[in-house]
Amino acid sequence: MSSPRLTKSLLIAAAVGLAAVAGWKLLAPGSAAPTERPPQATPVRVATASQEDLVVRLKALGTVTPLNTVSLRSRVDGELLRLAFTEGQHVNAGDLIAEIDPRPFQVQLARALGTQQQNLAELDNARSQLKRFEELQRQSFVSAQDLNDQRSKVRQLEGRRQTDQAAVDEARLQLQYTRITAPVAGRMGLRNVDVGNLVRSGDTDALATITQTTPISVLFTVPEPDLPAVVSAARANPQLTVEAWDREERQALGNGVLSSLDNRIDTATGTLKLRAQFANADEALFPNQFVNVRLQVSSADSVVIPNAAVQFGSKGSYVYVIAPDNTSHLRNVVLGPADGERVAVREGLKAGENVVVEGIDGLRDGAPVLIVTEADSARKGA
């Protein structure tokens, strides 16, 4: 009877023999070689390069600034009789805003008119006397000295007539100042003085303010390196398009045109101030509002792809192009100007070719890909 150690040795020897026979069969001539598994396709999302007019815009931060802001103050002293506006109301140029008690100024005008009439009557009498003096002097009944004295009196009264007319005009002007009217069209602010208060011409606080909202302007700055492009574009087209967007850049607030450039660069910030004007018919732009500005500086017909498709390596920028057999191929490209999430390609790509925008990390040149569409993603999510 065999021992357990001998039985175990025999089993090991048999296993080794079977393994050797199996290996010999695999390596023998005419036997089938083991097959390699094909590489697995990488799922990617692609975009098609398009031929279109790419508009290049500069982004900047801006502040909505009214073209006109007027602080309404009284030019005369008196009691505030009434306010003819509602806070927040839109008013037109010439509309009545407030009225000061006019009675003291009506009295001053009446007094000036009375004095004027007295002096005019005296002037008429002096002129009549001068005519008689001239006739009597020809007959030698009046001396030349008397005649000169009468002429001087007439000139004196004529000078007084001008002074009286100035006094009348001043009294009328003061009376006119009791009616405060809107010098420009705009929206009224909150009132600072109530009816019944005594207002003076030297008061520092305004009765109210008028802010012009249509049209309105936006002040923004561009850095010094972008200045040549802006100046060149402004010379070629004085009506450069400017867009105003909200703080999150989700909603467009209005389209305007570039109206002016400042005359010098701010050395503290290295920027230049620009002003754009907007019609603002819907009043979407509000004074002192913060906005994001997009200034159009150029446009050109170009091959355009998403920025997400562009990769950067030691040899420059490149993209992965999808061939008709669904394989990816690395291709170097020369980029042009960019606008937001899109960039122009000057060399290396043609319109209609597909480039990879998602799934680039797992790609290599010549690797198979599986193009995933938004519909596929939606079905998978469902």
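For the chain, adding -39500 (n - 2.57) for each run of n ≥ 4 DSSP H residues and dividing by the number of residues yields -10000 deg cm²/dmol at 222 nm. As a fraction of the 1.4 Å probe accessible area of region 239-382, surface on carbon and sulfur atoms comes out at 47 percent. Remark: spin-label model distance residue 40-residue 267 equals 6.4 nm, labels positioned 7 Å along the Cα→Cβ axis.
Accessible surface area normalised per residue over the chain is 63 Å², counting heavy atoms of protein chains with a 1.4 Å rolling probe. Segment residue 301..residue 251, full-extension length gain: 15.3 nm, with 0.36 nm per residue of separation and the alpha-carbon distance subtracted.
Mean projected area of the Cα convex hull of region 186-283, taken over all directions, amounts to 10.0 nm². Using θ = phi - 60° in the Karplus curve 6.51 cos²θ - 1.76 cosθ + 1.60, the 3J(HN,Hα) couplings for region 211-224 round to 10, 6, 10, 9, x, 9, 10, 10, 9, 8, 10, 10, x, 4 Hz; x is entered for Gly and Pro. Set the Cα radius of gyration of region 88-240 against 2.2 N^0.38 Å, with N its number of residues, and you get 1.99. Between the listed residues 295, 337, 277, the Cα displaced farthest toward the positive end of the dipole of region 242-382, a dipole computed from Cβ unit charges relative to the Cα centre, is found at 337.
Inter-part distance, region 294-320 to region 111-133, computed on C-alpha centroids, equals 89 Å. One chain, two ends: residue 205 and residue 131. Fully extended at 0.36 nm per residue, the span grows by 20.8 nm beyond their Cα-Cα distance. Each of residue 185 and residue 140 was given a label point 7 Å from its Cα along the Cα-to-Cβ line. The distance between the two points is 7.8 nm. For the pair residue 329 and residue 282, a Förster radius of 51 Å applied to the C-beta separation gives a FRET efficiency near 0.50, rounded to the nearest 0.05.
Model label points for residue 161 and residue 71, set 7 angstrom from Cα along the Cα-to-Cβ axis, are 4.5 nm apart. Listed options for Rg and Dmax of the Cα atoms in Å are (i) 22.7, 74; (ii) 26.6, 99; (iii) 45.6, 189. The value calculated from this structure is the one marked (iii).
Largest to smallest in accessible area, the residues 59, 315 fall in the order 315, 59 (1.4 Å probe, all protein chains included).
Placing +1 on the Cβ of every Lys and Arg and -1 on the Cβ of every Asp and Glu, with no other charges, gives the chain a dipole of roughly 740 debye about its Cα centre. For the chain, the longest principal axis of the Cα atoms and the long axis of helix 227-236 meet at an angle of about 70 degrees.
The values are calculated or read from the model by the stated rules, or taken from the named source; none is laboratory data. Owing to the predicted nature of the structure, the values given are computational and were not obtained by experimental measurement. Here Cβ is always computed from backbone atoms with ideal geometry, including for glycine, and neighbour counts include all displayed protein chains. SASA here: full protein model, heavy atoms, side chains in, ligands and nucleic acids out. Shrake-Rupley method; radii C 1.70, N 1.55, O 1.52, S 1.80 Å.
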